[in-house]
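The values are calculated or read from the model by the stated rules, or taken from the named source; none is laboratory data. Keep in mind it's a predicted model, so treat the numbers as computed, not measured. Quick reminder, even Gly has a Cβ in these numbers, built from the backbone with ideal geometry, and neighbours come from all protein chains shown. Note: accessible area is taken over every heavy atom of the protein model, side chains too, but ligands, DNA and RNA are not part of it. Shrake-Rupley method; radii C 1.70, N 1.55, O 1.52, S 1.80 Å.
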Amino acid sequence: MNELENKNVLICVTGGIATFKIVEVASRLKKLGANVRVVMTKAATEFVSPRTFQEITRNTVAVEMFKDAADFNVAHITLANFADVVLIAPATANFLAKAAHGIADDLLTTTILATVAPLIVAPSMNTNMFENPATQENLKILANRGVKIIEPATGELACGISGKGRLPEPEDICEEIVKFFAAKKDLRGKKILVTAGGTVEPIDPVRYIGNRSSGRMGYEVARAARNHGAEVILISGRSDLEPPANVKFVRVETAEQMRLSILDEYSAVDAVVMTAAVSDYRVKHFSTQKIKKSAQSIILELVKNPDILKELGNLKKSQILVGFAAETENVINYARGKLVEKNLDFIVANDVSAEGAGFSVDTNIISIIYRDGKMENFPKMTKAELAEKIIHRLTNFLDARFSGQ
Ligand code: PMT
């Protein structure tokens, strides 16, 4: 069977020198069995005639809001509903800006706003335009909403300079579409709770005990779980990151607030992934006034915070529990101890003193340790890549639980 049989792909073509490559994209997608419709901006029609796409797709090509779509009732809604996935290629800087900010001033951008189908965007433009902070910000906004961005290639550009901004080759773009349909939504119907970031324990109105967690590891785990189709609750301590779109987001400050928010959800979730760096101690007496600088030294009395994960381990029914262990020595032994003590299904150990691992960096180096003593070691990877690995392992546990193993 053709890989894209019965799949509906809406291609949105904006005006750029690479527009001609999309003719081949449309042709390849058709050959793979997809139903393809094309929407073009007026600028795109300066590069390729709508008739070309019409011949290839055997469908009317829509360009203008109230004109070309004679066979559609309300063109943008019909097109928006048609799509299983929307490919925007080439995507100009202007398109990215409009999409990021919800501007809908032509048929193409109105369709994008009206669709609930996932978006795959292939930017293509001059290097300076691509690297401009405005474009980068817009890409970030879109990526955070779950839009898949196909990175432009580096090479000779139409403007004569060499750099990043080339539209990838048609086969690579088609590969992304095939990958999209092949990607398993294996967590559909599952509810996953993820914690992230560091908790903050106030000392007085201006000071606190905190830690260096950026939230990255946890936000990537939440994003990966969402991408696999799970309903995700992200409970986050302090972090400057924008939460991933389409997850239920709960902001907390202290360990106790995090504990209460988790307990609120715990009975209804299938799994918890606890990446948050929870403060082990808080001050015994919070000072309602700023502590004045007078004595040469002061003593803050600290009391233990509740161990949230241990409590979850005690209350556990059918939930899969995944913990993290942030260690600087004896990493695997300490992690094994926590795995058992907190009644976890598996634990992710990271040596937070290693270069490129742990707090506040984009990468991590982890080992996953299981109850039966098995262990998997991963080389340095981005936190996004590792989040995929963790979610994959978690999915295996959930599958085993549901199949009664
Ligand atoms: O946020 P980033 O900058 O991306 O950094 C990622 C990270 C280093 C924070 C992450 O990879 C990590 O290691 N998270 C766990 C941090 C931690 O608190 O580890 P721990 O070994 O102290 O705790 C073990 C487990 O118990 C953790 O899952 C923790 O969430 C949990 N815990 C700890 C203390 C406590 N009072 N309650 C808990 O539930």
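Taking 0.36 nm per residue of sequence separation and subtracting the Cα-Cα distance, how much length would be gained by fully extending the chain between residue 318 and residue 151, in nm to one decimal? Mind showing how you got there, number by number?
Working: separation 167, 0.36 × 167 = 60.12 nm, distance 4.05 nm.
Stretched out fully, the residue 318 to residue 151 stretch lengthens by 56.1 nm.
Please report, in whole Å³, the volume per residue of the convex hull around the C-alpha atoms of the range 1-125.
Details: hull volume 11.6 nm³, N = 125.
Each residue corresponds to 92 Å³ of Cα convex hull volume.
Just to check, using Stokes-Einstein with a Kirkwood Rh over alpha carbon pairs, what's the diffusion coefficient of the chain at 10 °C and 1.306 mPa s in µm²/s?
Values: Rh = 23.7 Å.
Translational diffusion coefficient: 67 µm²/s.
At a 1.4 Å probe radius, carbon and sulfur cover how many percent of the accessible area of the chain? Write down the numbers at each step before the final one.
Numbers: 9820 of 19770 Å².
It is 50 percent, rounded to a whole number.
Taking every pair of alpha-carbon atoms in the range 225-282, give the share separated by more than 15 Å as a whole percent. Spell out each step's value before the answer.
Values: 842 of 1653 pairs.
So the portion of pairs separated by more than 15 Å is 51 percent.
With labels modelled as points extended 7 Å from the Cα through the Cβ direction, what inter-label distance (nm, one decimal) is found for residue 281 paired with residue 245?
4.4
In whole Hz, what ³J(HN,Hα) sequence does the range 171-179 give by Karplus (6.51, -1.76, 1.60; θ = phi - 60°), x for Gly and Pro?
Couplings: 5, 5, 5, 5, 4, 5, 5, 4, 4 Hz.
Relative to the longest principal axis of the C-alpha atoms of the chain, give the angle of the C-alpha long axis of helix 133-144, reported between 0 and 90° and rounded to the nearest 10°.
70
As I understand it, the value is the acute angle between the Cα axis of helix 216-227 and the longest principal axis of the Cα atoms of the chain; what does it come to in degrees, rounded to 10?
50
Which number do you get for Rg(Cα) / (2.2 N^0.38 Å) in the range 44-195? Don't skip to the answer; put the middle values down first.
Working: Rg = 16.8 Å, N = 152, 2.2 N^0.38 = 14.8 Å.
Against the empirical 2.2 N^0.38 Å value, I get 1.13 for the range 44-195.
Return the FRET efficiency for the residue pair residue 105, residue 31: r is the Cβ-Cβ distance, R0 is 35 Å, and the value is rounded to the nearest 0.05.
Working: r = 34 Å, r/R0 = 0.97.
Calculated value: 0.55.
Measure of size requested: the Rg and Dmax of the range 208-314, with Cα atoms as the atom set and Å as the unit; please supply both.
16.5, 56
Take the alpha-carbon positions of the range 109-254, form their convex hull, and give its projected area averaged over all directions (one quarter of the hull surface) in nm².
Values: hull surface 47.2 nm².
That works out to 11.8 nm².
In Å, the Kirkwood hydrodynamic radius of the range 127-206 over pairs of distinct alpha carbons? All intermediate terms of the calculation are to be shown ahead of the outcome.
Numbers: mean 1/r = 0.0595 Å⁻¹.
Taking the inverse mean of 1/r over all distinct Cα pairs, the range 127-206 comes out at 16.8 Å.
Would you mind checking which residues have amide H under 5 Å from residue 302's amide H? H placed 1.01 Å from N; only 5 or more apart, or other chain.
284
Compute from the Cα atoms of the range 168-269 the Rg and the Dmax, the latter being the longest Cα-Cα distance, and quote both in angstrom.
Cα radius of gyration and Dmax of the range 168-269 are 17.2, 59 Å respectively.
Using the basic label-point model (7 angstrom from Cα toward the beta carbon), what is the residue 268 to residue 24 distance in nanometres?
Simple spin-label model gives 5.0 nm for this pair.
Taking the Cα centroid of the range 133-149 and of the range 253-317, what is the distance between the two, rounded to the nearest whole Å?
34
Using the per-residue mean of other Cβ atoms lying within 10 Å as a proxy for protection, in what order, highest first, do the peptides 90-102, 269-281, 375-387 fall?
Details: 90-102: 21.0, 269-281: 22.9, 375-387: 16.2.
Result, highest mean first: 269-281, 90-102, 375-387.
Over the chain, what is the relative contact order in whole percent, taking alpha-carbon pairs under 8 Å and six or more residues apart?
Values: 850 pairs, mean separation 42.2, N = 405.
Worked out over the chain, it gives 10 percent.
Quick one: if the Förster radius is 25 Å, what FRET efficiency do residue 54 and residue 116 give, using the C-beta to C-beta distance and rounding to 0.05?
0.45
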